[in-house]
Amino acid sequence: MKDTLGVTRPIITLDNVEKYYGDYYALRGITAEINQGEFFSLLGPSGCGKTTLLRTIAGFEEPSSGRVTIDGKDMAGVPANVRPTNMVFQSYAIFPHLTVAQNVGFGLRREPLTRKEKERKVVEALEMVGLKGFGARAAHALSGGQRQRVALARALILEPKVLLLDEPLSALDKKMREQMQMELRRLQRQVGITFILVTHDQEEALIMSDRIAVMFEGQIAQLDTPQVLYRRPVSRQVGEFIGVMNFLPAKATVGPDTHIEVEAAGLGRAVIGADQLPGGWHPGQTQSVGIRPETMSILFEGETTDRRVATGIVEDRAYYGDMTYYEVRLDGVEKPMTISMKNLVGRPVLERGSQARVAWDARSLVLFA
Amino acid sequence: MNEGRTKRRHGRSETAQGYLLVATPFAYALLLLAVPLGAIVMFSFWTQDYLTLDKTLTLKNYREAFSEPLYGELLIRSLLVSGAVTLATVLTAFPIAYFVSFYVPPERKSMWIFLITIPFWTSYLIRVFLWKVILGYNGVFNTTLLGLGIIDEPLTFILYNVNAVVITLAHAYAPFAILPIFVALEKIDRTLLEAGRDLGESYVMTFFRVTLPLAMPGVVAAVLIVFIPTIGDYVTPRLVGGPDGLMIANMIQTQFLKLNNAPMGAALAVLAMAMVGAVALVFLALTRRFLRGQ
């Protein structure tokens, strides 16, 4: 969100934040800025430090070194209860001895409001999360989705600068999860508060976030918008973690006119743009190229194209109804690659063992060291 | 039709099985609980004159229990002593249970609980005698304080009176209070405490708004477990209570064994039971809101 001057303002600044337990590093050199009003996700496999980072922002963990700044204030030594953040816990942490309304109003005790005003705020907060009229219910009688809404209302009622969400959707079933993803997004736009979401579900992160920090082993591997992360992952690890990516052994050289020339196994020679080479290293270091399944297509018999064409054999296929996923082994490559095809009208589904002509574009290649 | 019949037959055999299963504990409860209790109640409506037992039903014993001030005094004192013991036990047990639950590393907890039960390895009687040694005129407590120059002459208000009874009973029943409170504290999801902090409360306020209410089932259990048996204790008051520390159970014992007046003893026992029951029910009613929904 831009402020009145139209400048993007960071609400949270992480400056070389590190956390270690003995000689185990949970966080290493975390440096990032999270902007006011953005939906930010921390994405990574379990044990990558994303939850530790969230808890460090919340004040439940003190960083071993480095600095956390929230809204311009250094948070060193500031305990969790006075930080301008609120959290939605993975287990929701609904107080079982209180009613829904008492849960939602828990944090209002210290607010300088009359009882009437507090009651009104609770009713409004419940309405906002779609739990109108649930106030008098006992907390233990709620379903998973309702608990989550109570946890949201309880945090948002305090109007925090930043809302922290620790894998809030992981305990819900698929349908509920998809519904809540949309709803969280809507809620975030409505209240305009910065949301920081921790998740291990790459799809969830892509759907919901303005920006994503992908973390491995306590470090941020890449921090960017969903589209850039998907299209231009900086490492094989990131490319593999987000969506499906095929990797082929490759070599790259800088040709005349500073064009980069790639020679990829099974695909052949191609000229690519400098933006397809993730920053920081010389093309000569390239060891593989990555290509996404949906950027390629299998041509049916007699179909012509002006795209590049490689040939191979269908090793396996999985029919999903709307899509078919093929495992195609390109000539001269050992590992089969995944290609996804939309099942359009009139397009036959190829059988195992059939010859396949694969169309691809040099623009969809990503180089990796 | 046919189906219905099979179902009914099946149902009957299940009922029979159920009765069979219940039969043993039922016989147990009948012989060891209902029969003695019934006998006591029966006795309380009879009268005895030296060795002859008059089995005509009468309320004479109860009338005497209410008119003779000594009995009432003993009942009230028993109630107050039990109350004091319960208060002292639960107030000291809570911090211990809290410490073990929150500050002892998980792999050491069972060892700590084991250590807490160690006093139970010695006989109750020996433990009471040991308190005499500790609290006596020339006891450990007084000699230590004298040696340190904190007092000039031995304290006498700590033995052979009600204080000694309270101290001894509070120690004896400590594990019974620690264990249920510990279990209740263990059951508290630690994330709830973080949530309390996250929502703006200090450690102290989080304790009062989250930890304590959630530990209440354990506290209520501890109160009942300590209160109910201590009111009927007669060993401790006999040994350390002195003349002013005697309780209702001592009088019941005297009636049965020394005065040969079993019916009067039975009537006092029934009254004590009724009083304990009433107090426990009132207490449960008052704390009911903490026991719901967990």
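Report the local net charge at B:L239: Lys and Arg +1, Asp and Glu -1, summed over other residues whose C-beta lies under 11 Å from its C-beta.
+2
Around A:Q219, which amide H atoms from residues at least 5 apart in sequence, or from another chain, sit under 5 Å from its own amide H, with H modelled in the peptide plane?
A:R28
Keeping every protein chain in place, order A:Y326, B:Y28 by accessible area at 1.4 Å, biggest value first, i.e. largest first.
Listed by decreasing accessible area, they come as B:Y28, A:Y326.
Could you give the DSSP H helices of chain B that reach 20 angstrom or more along their long axis (alpha carbon positions) and whose average Kyte-Doolittle hydropathy is no lower than -1.0?
Helix filter hits for chain B: B:2-29, B:69-103, B:162-186, B:212-231, B:262-286.
Give the aspartates and glutamates whose C-alpha is closer than 20 Å to that of A:K175, dropping any in the same chain fewer than 8 places away, or say none.
A:D166, A:E167, A:E183, A:D201, A:E203, A:E204, A:D322
Skipping prolines and chain starts, which residues have an amide H placed within reach, meaning under 5 Å, of the one on A:Q287, given they are 5 or more residues away or on another chain?
A:F368, A:A369
Put +1 on the Cβ of each Lys and Arg and -1 on the Cβ of each Asp and Glu in the protein assembly as shown; which of A:N81, B:A172, B:M247 then has its Cα farthest toward the positive end of the dipole?
Farthest towards the positive pole: B:M247.
Taking a cut-off of 16 Å between Cα atoms, list the lysines near A:K132, but don't count ones fewer than 8 places away on the same chain.
Within the straight-line limit of under 16 Å, A:K132 reaches these lysines: A:K118, A:K121.
For the range A:146-295, with only Lys/Arg (+1) and Asp/Glu (-1) charged at the beta-carbon, what is the dipole magnitude about the Cα centre, in debye rounded to 20?
440
So for chain B, taking the charge dipole from beta-carbon charges (+1 Lys/Arg, -1 Asp/Glu), which of B:Y19, B:T86, B:I158 sits furthest toward the positive end?
B:Y19
So which chymotrypsin sites (Phe, Trp or Tyr not before Pro) in the range B:131-167 are both in a DSSP loop and have at most 16 other Cβ atoms within 10 Å of their Cβ?
Answer in residue order: B:Y137, B:F157.
Between A:T114, A:T311, A:T85, where does the largest GNM mean-square fluctuation fall for chain A, given springs only between Cα atoms within less than 10 Å?
A:T114
For chain A, what proportion of DSSP beta bridges, expressed in % and rounded to the nearest 5, is antiparallel?
75
Which whole-angstrom value gives the distance between the alpha carbon centres of the range A:172-245 and the range B:194-213?
32
Could you tell me the relative contact order of chain B? Use alpha-carbon pairs under 8 Å, at least six residues apart, and round to a whole percent.
Reported relative contact order: 26 percent.
Rounded, prolate or oblate: which fits chain A when a ≥ b ≥ c are the square roots of the eigenvalues of the alpha-carbon gyration tensor, with rounded for a/c under 1.5 and prolate only if a/b beats b/c?
prolate
Identify all lysines with a Cα-Cα distance to A:K19 below 26 Å; exclude those on the same chain that are fewer than 8 residues away in sequence.
A:K50, A:K73, A:K161
Among A:A32, A:A58, A:T99, whose Cα sits farthest toward the positive end of the charge dipole of the range A:10-231 (+1 at Cβ of Lys/Arg, -1 at Cβ of Asp/Glu, about the Cα centre)?
In the range A:10-231, that residue is A:T99.
If you add up the charges near B:L271, with Lys and Arg at +1 and Asp and Glu at -1, over every other residue whose beta carbon is less than 15 angstrom from its beta carbon, what do you get?
0
If A:K161, A:K118 are ordered by their accessible area, calculated over protein heavy atoms with a 1.4 Å probe, which sequence runs from highest to lowest?
A:K161, A:K118
Counting Lys and Arg as +1 and Asp and Glu as -1, each charge on the Cβ, what is the dipole of chain A about the Cα centre in debye, to the nearest 20?
That gives a dipole near 1320 debye.
In deg cm²/dmol, rounded to 500, what helix-only [θ] at 222 nm does the protein assembly as shown give when every DSSP H run of at least 4 residues adds -39500 (n - 2.57) and the total is split over its residues?
-13500 deg cm²/dmol
Give me the dipole magnitude in Debye, nearest 20, for chain B about the Cα centre, with unit charges on the beta carbon: positive for Lys and Arg, negative for Asp and Glu.
1140
Can you tell me how chain B classifies by the Cα gyration tensor, rounded, prolate or oblate, using a/c under 1.5 as the rounded cut?
Cα axes put chain B in the oblate bin.
The values are calculated or read from the model by the stated rules, or taken from the named source; none is laboratory data. Everything numeric here is computed off the predicted structure, so don't read it as measured data. Here the Cβ is made from the backbone with ideal geometry for all residues, glycine too, and neighbour counts use every protein chain on show. Please note that ligands, DNA and RNA were not included when accessible areas were found on the heavy atoms of the full protein model with its side chains. Shrake-Rupley method; radii C 1.70, N 1.55, O 1.52, S 1.80 Å.
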